[in-house]
1. Which lysines have a Cα less than 28 Å from the Cα of residue 7, not counting those fewer than 8 places away in the same chain?
2. Please compute the net charge surrounding residue 52, taking Lys and Arg as +1 and Asp and Glu as -1 over other residues with Cβ under 12 Å from its Cβ.
3. Quick check: pseudo-label points 7 Å beyond the Cα along Cα→Cβ at residue 68 and residue 15, how many nm apart are they?
4. Using Kirkwood radius over Cα pairs in Å as the read-out, say which of (1) 16.2; (2) 13.1; (3) 16.5 was calculated from these coordinates.
5. Compute the relative contact order of the chain as a whole-number percentage, counting only Cα pairs closer than 8 Å that sit 6 or more residues apart in sequence.
6. Give, in nm to one decimal, the length gained when the segment between residue 80 and residue 41 is fully stretched (0.36 nm per residue of separation minus the Cα-Cα distance).
7. How far, in degrees from 0 to 90, does helix 41-90 lean away from the longest principal axis of the Cα atoms of the chain, to the nearest 10?
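Please treat every number below as a calculation from the coordinates, not as lab data. Quantities reported herein were computed from a predicted structural model and do not represent experimental measurements. FYI the Cβ positions are ideal-geometry reconstructions off the backbone, even for glycines, and counts take in every protein chain you see.
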Amino acid sequence: MASAIDKIFDLEQSIMQCWNVVDDIKLITEQVYDRPEPLTEDELGNLLMGLESMYQLKFDKCFREFEEVCKQYHTYRKTHEMIQDAKDDLK
């Protein structure tokens with residue numbers, strides 16, 4: 001089982017990968033405006049549908065990793081509160 005640190009690192013990596021959408025849109029835009037031979041409507045449509053599918057997968061993965069980090073955080077927090085309550089009861 002991955003440690004909490006590993007889970008946070010995985011989440012950070014997923015977030016960074018999602019930022020690639022900006023570069024990918026820029027590349028498609030460059031192809032639309034700067035390509036010597038323009039993209040056909042079908043080519044552009046296929047690029048955009050592929051981009052949509054790819055980022056749906058990336059954002060789904062990112063959200064699953066976020067949920068796992070939140071789950072670990074709340075488990076840690078509850079454990080910490082229980083320990084603190086037990087310490088307070090001993091006083």
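1. 58, 61, 71, 78
2. Values: positive: 58; negative: 24.
That sum, taken over residues with Cβ under 12 Å, equals 0.
3. 1.6
4. The listed entry that was calculated here is (3).
5. Details: 27 pairs, mean separation 42.4, N = 91.
Rounded, it is 47 percent for the chain.
6. Numbers: separation 39, 0.36 × 39 = 14.04 nm, distance 5.76 nm.
Taking 0.36 nm per residue and subtracting the Cα distance, the gain is 8.3 nm.
7. 10
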